[in-house]
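Input: a single structure, listed below in structure tokens.
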Amino acid sequence: MTNTYAGNTTPGEAAAWLKGARAVAVATHFKADGDAVGSSLALARALRHRDPSVRVEVWYAGVLPDYLPEIIRDTAWRHLDSAPPNAQDTPEAIVVTDTGAWTQLGPLEAFLRGKAGQTLIIDHHLSGDPEMADRRIIDAGAASAAQLVAGVACELLGCPAASLPEPVATPLYLGTATDTGWFRYSNVTPAVFRLAADLIQAGVPHTELFRVVEQRDKPGRVRLYGRALASLELLEKDRVALMNLTEGDFKAAGAQPGDTGGFADRLLAIESVLVAVVFTESRDHEGRSVTKLSLRSKPGPNAVDVNVVSGVLGGGGHARAAGARHTGSLAEARAALLGALGLSASA
Ligand SMILES: [Mn+2]
């Protein structure tokens, strides 16, 4: 990662460039979340809506949200894990949304190397690899990549957000709603609510969307949260909350690998807690322990910048939400985290 990760083009310029492409691939980070899905899908649909003869394909990699089929409907997409891009794929333009970091691309990385001239990044993260794309729309002040894609979609279709077609507006709302914790996080700005208002005016079925995305837990996920809660540890006068999960917990709960989403957020409900971390230990294909860390923090005068903390551990993200992957056991990852927080390992 470099520290010169910055934008260099406007939504209008990006739209004008995209209008010249007859075949477009829209990709995002592996393990797409709501914003990755929403931002990529909205852009793909805006391109097709403008000109149905343009070939547009959305590319995803890794584990995908289980609500994806209900959101993506008949939009053309491809799972790169089973169909990696190759020399037969000749998109004139490649758009990467919600990331600009080589490490986030999975099977797409090899294909994208050397294609900066035909690549556009639309991202709201603090860090990334600017050499990936000659054209970049990057604004870390945006709450979601979807918020930035909204500007491009409006330029492509020549209309304000409130007049976007519903199939474009709905994924934009999905991305913005999920990346703001449904309009609760510190990244919510007046622009976020103005966009959300416009998108609802455009016809987004927002209560239906909330049900499809947020009210679909399986019993195993709730049982897994129970096991995580049983491991809760509070340090530093209850300001630091830690929970951990092992492969055994997933088995006993009957839970799936993606079932930990939102667990760290929920610990911020504890009044005293400033930073919450969930450790998930698993084994790689060679049997070595790997521990995934998910970090969240509360805004305020004593806010912990978890982007910085996770950076010490080789990860990254945002100031209030970040992640890292530690090659080692839970105990080793815990010690590394406490070190990164400036606490002693015996805390
Ligand atoms: Mn995002």
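By how many degrees, 0 to 90 and rounded to 10, does the Cα axis of helix 219-230 deviate from the longest principal axis of the chain?
Helix 219-230 sits roughly 40 degrees off the main axis of the chain.
With +1 assigned to the C-beta of every Lys and Arg and -1 to the C-beta of every Asp and Glu, and no other charges, what is the dipole magnitude of the chain about the Cα centre in debye, to the nearest 20?
280 debye
Report, by chain and number, residues whose modeled amide H sits under 5 Å from the one on V96, excluding near sequence neighbours (fewer than 5 apart, same chain).
A27, L120, I121, I122
Report, in degrees rounded to the nearest 10, the 0 to 90 angle that the Cα long axis of helix 166-179 makes with the longest principal axis of the chain.
20 degrees
Rank the residues S40, S297, S344, S329 as a footprinting-exposure proxy: fewest other Cβ atoms within 10 Å of their Cβ go first.
Ranked by crowding around the Cβ, least crowded first: S344, S329, S297, S40.
Order of 158-165, 89-96, 302-309, 173-180 by packing, highest average Cβ count within 10 Å first?
173-180, 89-96, 302-309, 158-165
Leaving out same-chain residues fewer than 8 places away, which lysines sit with a Cα under 30 Å from that of K115?
Within the straight-line limit of under 30 Å, K115 reaches these lysines: K19, K31.
What GluC sites (Glu not before Pro) in region 253-347 are in a loop by DSSP, with at most 16 other Cβ atoms within 10 Å of the Cβ? Don't skip to the answer; put the middle values down first.
On the way: sites: E271, E281, E286, E332; in loops: E271, E286.
Sparse-neighbourhood loop GluC sites (Glu not before Pro): E271, E286.
Do you know the relative contact order of the chain, to the nearest whole percent, from alpha carbon pairs under 8 angstrom that are 6+ apart?
For the chain, the relative contact order is 13 percent.
Report, by chain and number, residues whose modeled amide H sits under 5 Å from the one on D129, excluding near sequence neighbours (fewer than 5 apart, same chain).
Here the answer is G100, A101, W102, since their amide H atoms fall under 5 Å of that of D129.
Describe numerically, in nm with one decimal, the distance between label points set 7 Å from Cα along Cα→Cβ at S272 and at A230.
2.4 nm
Using DSSP loop states and a limit of at most 14 other Cβ atoms within 10 Å to flag trypsin sites (Lys or Arg not before Pro), what is the longest stretch of the chain containing no flagged site?
Counting only loop sites that pass the neighbour cut-off, the longest clear stretch is 116-183.
Given T291, A324, L224, which one lies farthest toward the positive end of the charge dipole of region 188-347, if we put +1 on the Cβ of every Lys and Arg and -1 on the Cβ of every Asp and Glu?
L224
What angle do you read, to the nearest 10 degrees and between 0 and 90, between the alpha-carbon axis of helix 145-157 and the longest principal axis of the chain?
With both axes taken from Cα atoms, the answer is about 10 degrees.
Under a Cβ-only charge scheme (Lys and Arg +1, Asp and Glu -1), can you give me the dipole magnitude of region 220-340 about the Cα centre, in debye to the nearest 20?
Its charge dipole is roughly 200 debye.
Here, each number is a calculation from the coordinates, and none is a lab measurement. Owing to the predicted nature of the structure, the values given are computational and were not obtained by experimental measurement. So basically every Cβ, Gly included, is an ideal-geometry build from the backbone, and we count neighbours across all protein chains shown.
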